[in-house]
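The values are calculated or read from the model by the stated rules, or taken from the named source; none is laboratory data. Not measured: the values here are computed from a predicted model. So basically every Cβ, Gly included, is an ideal-geometry build from the backbone, and we count neighbours across all protein chains shown. Just the protein is used for accessible areas: all its heavy atoms, side chains included, with ligands, DNA and RNA removed. Shrake-Rupley method; radii C 1.70, N 1.55, O 1.52, S 1.80 Å.
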Amino acid sequence: YDIRHYLRDLHLPKTRPHRRRPLVSVLIPAHNEEMGIVKTLESVRKSSYRKLQIIVIDDASTDNTKKLVRQYVKEHSSRDINLMWLRTNKGKADALNHGLRRKAKGEFVMTIDADSTIHKNAIKNAVWYFKNPKIMAVAANVRVDYKKSLLGLLQMFEHMIGYQSKKFYTVANCEYIIGGVASTYRMSLLRKLHWFDTDTQTEDIGLSLKIASSGNRENRLVYASDVVAMTSGVLNAKSLFRQRYRWKLGMLQNLFKNKKLLVNRDRKYSFTLTHYRIPMAFLGEIMLILEPVMIGYVLYLSIQYNELGFFAGAYLTIVLYLLFTVWQDEHLGFVKRATFSVYLPIMYFVFYLMNIIQLFAIIKCIVQPDKVLLKSQVSSTWTSPERAKG
């Protein structure tokens, strides 16, 4: 992946000739986001890509979100920002669909969470990928805005590692998750697929799998490391559990809805998607459940035979991999790389905290099979997480 991007940048002219600039509709769904909505709007307004239609969909906020957007539009005399609002809390998927059906006119659509910001070149870089007519959706390089806390550190490193994996998924053409922060889509395909589904907890995974199910050889989903966005991490363990439970439940719901992809030999799907990535998604959840038993058994054997080399090897492997991830990250300067490297020796143990949270999340899903199998209706209304001030 990195070699491809290096060669691409090497052959790009230093001054690009003028080309047709398609309209991009930027959708920002919001529910009680008074702490971050102005910062989000400011990052979009300062984008180097100027042919934009910005749509804020206020989903029955009870705080000052709507007032702040109106004030921002007035202060900047911006005709490109449209404010829509729903009178009842319908959820993110409904809010996005409302904006898509009634206002969006762009050839491409980018969705941005109202607690996130984008780099000034994010939209320009995202549009570049669509020069390939087979690319239908582009996932951004989402990074957690680091807060000086154990949870902040954990979420930052988790995102950094996870998004490195997406490089492999893109090269192998088995990506199926285009996250909600700064995701970009072809409007024509969204219209054809009838927008976002509203029956699961994670509308972004639902749409991604719907695109993949339409045939991922011709309708490709890719990761763009140069489409950079920043998002806020959650502030406490309770909020983190709620977030991961929702993600876990939504993932399982959408995998169940698209179970036809599992080991499907239809030639419209890549072999890597149906025989590797989708099976591994199911296997990963099984391994998560069995992990305490496996670790406990290995620990028992290690103590019984006075051989702790296994844990020493595992620790060293994780630390070296984290070191590699940090130092080859193209968006970190030397000072940040050096600073983050200081934290690496403790991250092996910190990651077990996330495993515990994920384990409780999957257990909660298992004891509610009707929700996973979509036999009972799941509320899609918003509950805004606690945000850091400032």
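Observations on the model:
- The stretch 299-382 holds helices (runs of 4 or more DSSP H) entirely within its bounds, and those carrying 2 or more residues that are without any contact (Cβ under 8 Å) to a residue 24 or more places away in the chain and in contact with a Ser or Thr (Cβ under 9 Å, 6 or more places away or on another chain) map to 309-327.
- In the stretch 19-35, the residues that are buried (at least 22 other Cβ atoms within 10 Å of the Cβ) and either part of a loop (DSSP other than H, G, I, E, B) or among the hydrophobic types (A, V, I, L, M, F, W, C) (or both): Val24, Val26, Leu27, Ile28, Ala30, His31, Glu33
- Breaking point among (1) open to solvent by less than 20 Å² (accessible area, probe 1.4 Å); (2) in contact with an Asp or Glu (Cβ under 9 Å, 6 or more places away or on another chain); (3) among the β-branched types (Val, Ile, Thr), for Val227: (2)
- Just one of (1) over 24 Å from Ala140 (Cα atoms); (2) modelled with pLDDT of 95 or more; (3) of a type in the set (D, E, K, R); (4) part of a helix (DSSP H, G or I) fails for Glu291. It is (2).
- Contact map, the stretch 269-281: first residue at pLDDT 95 or above, second residue of a type in the set (Phe, Trp, Tyr) and in a helix (DSSP H, G or I), Cβ cut-off under 8 Å, separation 6 or more or different chains; pairs are Arg277/Tyr169.
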